[in-house]
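Undergrad: Submitted below is the structure of interest, expressed as structure tokens.
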Amino acid sequence: MSEYQGKIDWLNLDTLENKYPVHFVFIRATVGDDRLDSQFKNNWLGAKKSKLLRGAYHYYRPNENSLEQAELFITTVSLDKGDLPLVLDIEKLPQNQSVERMKIGLKRWLTKVEEHYKVKPIIYTGERYYDDFLKEEFSDYLFWIANYNLLQEEIKEEWLFWQFTEKASVNGIKGNVDVNIYNGDLKQLNYITVE
């Protein structure tokens, strides 16, 4: 979730489609090297108060300095015991550099954030982007994959999280929201949280 969902009623955020319990949320913290999500602080505190597992993500802009993007994220997000690992969201290709240079930037961001938090980040991206640009060189990372294909009936083994729709309703949130499932059970999900 991000500022696009507006003000969230965290006390009532409990079920998806009035049927499935919500156990975790990922909240956008930063964008590029200069932008904070305007609702991050409210959402970060709200998720904690509602006792949901929470994770923070950074929307990576490939045409901006990777270390400055990492620094913005680090100065914005404080992790507590029980939080989910941090996430790097990469969806776009660079306009003014090669894909190889972009990959160097991604590695710099991931390394700097991991050194600071002592937690290996997760990478979020679309399935095609994953297959075409990240699967081989970033195979030592866990992936959260967006795939809205109706023919995809279950989560692939190598995906940690699967974002399967962007058009679901969740109590406490006005409008549509992205929905994800974890590749495991709640006990396993707790196992990957920050110690």
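Undergrad: With the structure loaded, tell me whether residue 105 is buried (at least 16 other Cβ atoms within 10 Å of the Cβ) and at positive phi or whether it fails that test.
TA: Taking the combined requirement at face value, the residue does not satisfy it.
Undergrad: Could I ask something else about it? On the given criteria, is residue 61 part of a strand (DSSP E or B), of a type in the set (D, E, K, R) and either in contact with a Phe, Trp or Tyr (Cβ under 7 Å, 6 or more places away or on another chain) or open to solvent by 10 Å² or more (accessible area, probe 1.4 Å) (or both)?
TA: Values: part of a strand (DSSP E or B): no; of a type in the set (D, E, K, R): yes; either in contact with a Phe, Trp or Tyr (Cβ under 7 Å, 6 or more places away or on another chain) or open to solvent by 10 Å² or more (accessible area, probe 1.4 Å) (or both): yes.
No: the conditions fail for residue 61.
Undergrad: Find all pairs meeting these conditions: Cβ atoms under 8 angstrom apart; at least six residues apart or on different chains; first residue within the stretch 32-54 and at negative phi and open to solvent by 80 Å² or more (accessible area, probe 1.4 Å); second residue assigned to a strand (DSSP E or B) and aliphatic (A, V, I, L, M).
TA: Once the first residue is at negative phi and open to solvent by 80 Å² or more (accessible area, probe 1.4 Å) and sits in the stretch 32-54, its partners that are assigned to a strand (DSSP E or B) and aliphatic (A, V, I, L, M) give 36/29.
Undergrad: Quick check: is even one residue across the stretch 134-147 of a type in the set (Ser, Thr, Tyr), within 15 Å of residue 58 (Cα to Cα) and surrounded by 16 or more Cβ atoms within 10 Å (Cβ to Cβ)?
TA: no
The values are calculated or read from the model by the stated rules, or taken from the named source; none is laboratory data. What you are looking at is a predicted structure, and each value in this text was computed from that prediction instead of being measured. Using ideal geometry, Cβ is built from the backbone for each residue, glycine included, and neighbour counts are taken over all protein chains shown. Ligands, DNA and RNA are stripped out before the accessible areas are found, and what is left, the full protein with its side chains, is counted by its heavy atoms. Shrake-Rupley method; radii C 1.70, N 1.55, O 1.52, S 1.80 Å.
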